[in-house]
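Only one structure is covered here, and it is reproduced in the block below.
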Amino acid sequence: MANPRIAIFPGSFDPPTLGHLDIIHRAASLFDVLIVALLENPSKQPTFTTADRVAMLRKAIGPLDHVRVESFHGLLAEYARTRQASVIVRGVRGGADLEYERQMADTNRHLNSTIDTVFLTPSPAVAHISSTLVRDIASLGGSVHGLVPDAVEAAVAERMLAGRSPRTQQV
Ligand code: PNS
């Protein structure tokens, strides 16, 4: 395809949620190529390893020819350049997300003037979901069914319960 429109959906995906999957499907219908790009951030200690998060995303997305999952480190604006991407996709759940997202979008355009950020809103049915809340619920032994893709539910529950500290046990 001549000049395919390539978009990047970047994030921490720690873990991927149904909100992320909703945005991935919306973006996949808008662009010729969608790269779901997971940030490897050495200054953050994620709950799930990079390999686990990439595997969870691939399993959740399934076989979609024009969607691929990669990890990246460093500046998103530079990574976008290496992938000839012209668009960054971000999900905006509500007003609380917007100011931070606008600042990031402006900064990325400052760093790479060929990049525009497109904001997509998720379905209201999944707009309340965040990775932070999913980690909280799972670490306290709650069910994350309906919050994360079926393909990653067991992995999330297993990983979080394994990490439960003894001081969370009731006496
Ligand atoms: O899922 P998240 O944690 O909200 O995603 C944040 C992410 C990964 C998109 C953002 O932290 C990022 O792009 N980091 C890469 C470093 C970078 O380019 N920083 C300057 C951009 S403002």
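Segment 21-114 holds strands (runs of 3 or more DSSP E) entirely within its bounds, and those carrying 1 or more residues that are within 22 Å of H128 (Cβ to Cβ) map to 33-39, 87-91. Residues of segment 22-35 being surrounded by fewer than 21 Cβ atoms within 10 Å (Cβ to Cβ) and either within 14 Å of the ligand (Cβ to nearest atom) or closer than 22 Å to G74 by Cα (or both), which ones? Selection gives V33 alone. The condition (being in contact (Cβ under 8 Å) with a residue 12 or more places away in the chain and acidic (D, E)) is satisfied by just one residue among D106, D52: D52. Going residue by residue through segment 82-93, is there one that turns out to be within 29 Å of A151 (Cβ to Cβ), at pLDDT below 95 and surrounded by 15 or more Cβ atoms within 10 Å (Cβ to Cβ)? So far as segment 82-93 goes, yes, one or more of its residues are within 29 Å of A151 (Cβ to Cβ), at pLDDT below 95 and surrounded by 15 or more Cβ atoms within 10 Å (Cβ to Cβ).
The single condition from (1) more than 22 Å from F31 (Cα to Cα); (2) out of contact with any Lys or Arg (no Cβ under 8 Å at 6 or more places or on another chain) that V89 fails is (1). Is there a residue in segment 51-73 that is near the ligand (Cβ under 10 Å from one of its atoms) and over 29 Å from S143 (Cα atoms)? Checked against the condition, which is being near the ligand (Cβ under 10 Å from one of its atoms) and over 29 Å from S143 (Cα atoms), segment 51-73 yields at least one hit. Of the residues that sit in segment 117-160 and are open to solvent by 30 Å² or more (accessible area, probe 1.4 Å) and within 14 Å of the ligand (Cβ to nearest atom), which one is farthest from L18 (Cα to Cα)? Among those residues, the one meeting the criterion is T117.
Every listed requirement among (1) under 23 Å from V156 (Cα atoms); (2) open to solvent by 50 Å² or more (accessible area, probe 1.4 Å) is met by P15 save one, (2).
Considering every residue within segment 104-112, establish whether at least one is under 17 Å from the mean Cα position of the chain (by Cα) and either of a type in the set (S, T, Y) or within 14 Å of H20 (Cα to Cα) (or both). No: zero hits.
The values are calculated or read from the model by the stated rules, or taken from the named source; none is laboratory data. Predicted, not measured: the structure shown is a model, and the values here were computed from it. Methodologically, a virtual Cβ is constructed for each residue, glycine included, from the backbone with ideal geometry; neighbour enumeration extends over all protein chains shown. SASA here: full protein model, heavy atoms, side chains in, ligands and nucleic acids out. Shrake-Rupley method; radii C 1.70, N 1.55, O 1.52, S 1.80 Å.
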